[in-house]
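FYI, it's all coordinate maths here, none of it is from the lab. On a predicted model such as this, the values are computed, not experimentally measured, just so you know. In this analysis, Cβ positions are derived from the backbone assuming ideal geometry, glycine residues included, and neighbour counts consider all displayed protein chains.
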Amino acid sequence: MTEQEKLHRAKHYIDSLANGVNPLDGTPIPEQDIVNNVKISRCLFFVSDVLRKQLDGHEPKKVSGKDKKQFYITEEEKLQYIPSKTPIPASGISYKVNEILDEKKMRKVSYRTITAWLVKVGLMEEEEISAGKCRKVPTASGIAMGITTEIRTGVRGEYPCVVYDENAQEFVIEKLHIATLMAAPSVGRRSCAGKRKAAALIVQSRRWSYGRVKRAAVRRLFFLGRRPAVDYVDYIERKIAIPQKTESAESVPGY
C-alpha cells in the first residue's frame, strides 16, 4: 500500500468517526460514545481537512500573529455560545468563545480583556491584597448582575475565585465586541506596584514643574522689587553726565 493510499484510508476512517459512523462496518456509533463528543468531532473534522489538503498537494499555511484579524464576534456566533449552568471564571468564558471562533485567522480574546472592561463599566473593582498585588472583585452592581466570589481548592490550597453565572455570561457575550474595543491591551496587566510607581512619577513631575514656576516667580518679583532703585540710580547718573544749561548775564533782565 502506497503513502497516498494510506492517507486516503486514514481520511476515510476519520470522516466516518467524525460523522458518528463505525468505519469498519458502517453502523451508527452509540450517542453516549466519546467519539460523538462535540470537541472530539471538531478535532476529527479538522484532521480530515488537513489530510485533504495534503492529498491535494497543498500544505496548510500558517498565519502569523500580525496577519490575524482583530477579535470580532458576530451575532450568529454569539448564539453558538451556550452559558454554563455552573458558574465559571472569566478564563472559562474566553476559552468557550475561542472554541467557537476560527483561531487560525483571528486573534484570541483574553480573560484579562473581559475583566478590564468590567472594571471600566463599574461591575468590578481592584482590591489590594498585599504590597504590590491586586485582584479584581465584583462591586455591588456586579454581584447583582451575577458575578460572585467563591472559595475553590487548588494545588496550593484554597483561593478566592470570581465566577459568572448564566446571566453574567450572557451579558459578557452580548457586550464582548464592545469590551474588546474599550479594553486596551495593557489594561489589567499592570500591578498595584506599577500603578503606584506611575503615580509617584506623576507627582515627581508636578513637583519639578512647580519648582521651576516658583523659582521663575521669585526671580520676577526680585527683578520688579529692584527696578525702582535701578531706575533712580540711572537717573542720577544721567543727570551728572549731562551738563546743565546756565543762564548768561545777557539773559538776566536789568543787567
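Packing-based ranking of 31-39, 164-172, 18-26, 82-90 yields 164-172, 82-90, 18-26, 31-39, ordered from highest to lowest mean Cβ neighbour count within 10 Å. With a Förster radius of 30 Å applied to the C-beta separation of A10 and S84, the computed FRET efficiency comes to 0.30.
The reciprocal of the average 1/r between distinct C-alpha atoms defines the Kirkwood hydrodynamic radius, which for segment 1-60 equals 12.0 Å.
Most tightly packed first, judged by the mean number of other beta-carbon atoms within 10 Å of their residues, the peptides 69-79, 121-131 read 121-131, 69-79.
The stretch between I151 and T74 holds 24.3 nm of extra length on full extension. This uses 0.36 nm per residue minus the Cα-Cα distance.
Taking amide H positions as modeled 1.01 Å from N, with prolines and chain starts lacking one, the residues under 5 Å from V21 and 5 or more places away or on another chain are I29.
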